[in-house]
1. Can you tell me which residue in region 134-148 is farthest from ALA116 (Cα to Cα), limited to those that are of a type in the set (Ser, Thr, Tyr) and surrounded by 15 or more Cβ atoms within 10 Å (Cβ to Cβ)?
2. So which of GLY108, GLY79, GLY91 is surrounded by 19 or more Cβ atoms within 10 Å (Cβ to Cβ) and either closer than 20 Å to THR7 by Cα or of a type in the set (Ser, Thr, Tyr) (or both)?
3. Please state which of the following conditions GLN59 fails to meet, knowing it meets all the rest: (1) surrounded by 12 or more Cβ atoms within 10 Å (Cβ to Cβ); (2) part of a helix (DSSP H, G or I); (3) more than 17 Å from the chain's Cα centre (by Cα).
4. Could you check VAL129 against (1) surrounded by fewer than 20 Cβ atoms within 10 Å (Cβ to Cβ); (2) without any contact (Cβ under 8 Å) to a residue 40 or more places away in the chain; (3) among the β-branched types (Val, Ile, Thr) and say which number it fails?
5. Do you know which residues across region 18-39 are touching a helix residue (DSSP H, G or I) at 6+ places or on another chain (Cβ under 7 Å) and part of a loop (DSSP other than H, G, I, E, B)?
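Each value in this text was obtained by applying a stated rule to the coordinates, not by laboratory testing. For clarity, every value in this text was computed on a predicted model and none was experimentally measured. Note: ideal-geometry Cβ built from the backbone for every residue, glycine included; neighbour counts use all protein chains shown.
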Amino acid sequence: MMGQLMTTHIRKAEIGDARDISEVHINSWRETYSTIIDNDFLASLDIEQRTARWIDILQKRPESVFVTEANAEIVGFAGAGKSRTMNNYDGELYALYLLKKYQGLSLGKQLFFASARYLQSIGCDSMYVAVLRDNPTVHFYKKYGGKYIMSEEIKIGGKYYTEELYGWDTIRSIILD
């Protein structure tokens, strides 16, 4: 990316983005988790199944998913909404994925803040995120003030992994305008 002129853009996702989001989702899992998650599981990730899942998500709550584009190509996405499991945090960052070659260019930060602003717009005062402990990008959430809440074991592809939860007591404290 160095030396090349790159135009980037963050926007709300649309139904027509489902396949591109799925490709980023699968490719970023394979890039990020190749030394963490069982490779047979990663190889089994199916673009058609993932696309169907994203179509469903985008039909139900399109306002909660953001994509980032580099030179008009979707290279990352984030999704957020009401907390699914943590009663003391009312908002949750469900996902934030960015292709490896686009990391370190502030695109992840832009997705993170777009998601936080969305959560605030729907009345959430706090938020949390769950991230695999061995994920090399866990420092990203710490950098932006996420405090460790707890760890839990989750099952992915028949194997157990440790997931860590990080939280922000006030979304207002992390939003940059």
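1. Among them, the one singled out is THR137.
2. Matching residue, one of GLY108, GLY79, GLY91: GLY108.
3. Unmet for GLN59, out of (1) surrounded by 12 or more Cβ atoms within 10 Å (Cβ to Cβ); (2) part of a helix (DSSP H, G or I); (3) more than 17 Å from the chain's Cα centre (by Cα): (1).
4. Against the list (1) surrounded by fewer than 20 Cβ atoms within 10 Å (Cβ to Cβ); (2) without any contact (Cβ under 8 Å) to a residue 40 or more places away in the chain; (3) among the β-branched types (Val, Ile, Thr), VAL129 comes up short only on (1).
5. Selection gives SER34 alone.
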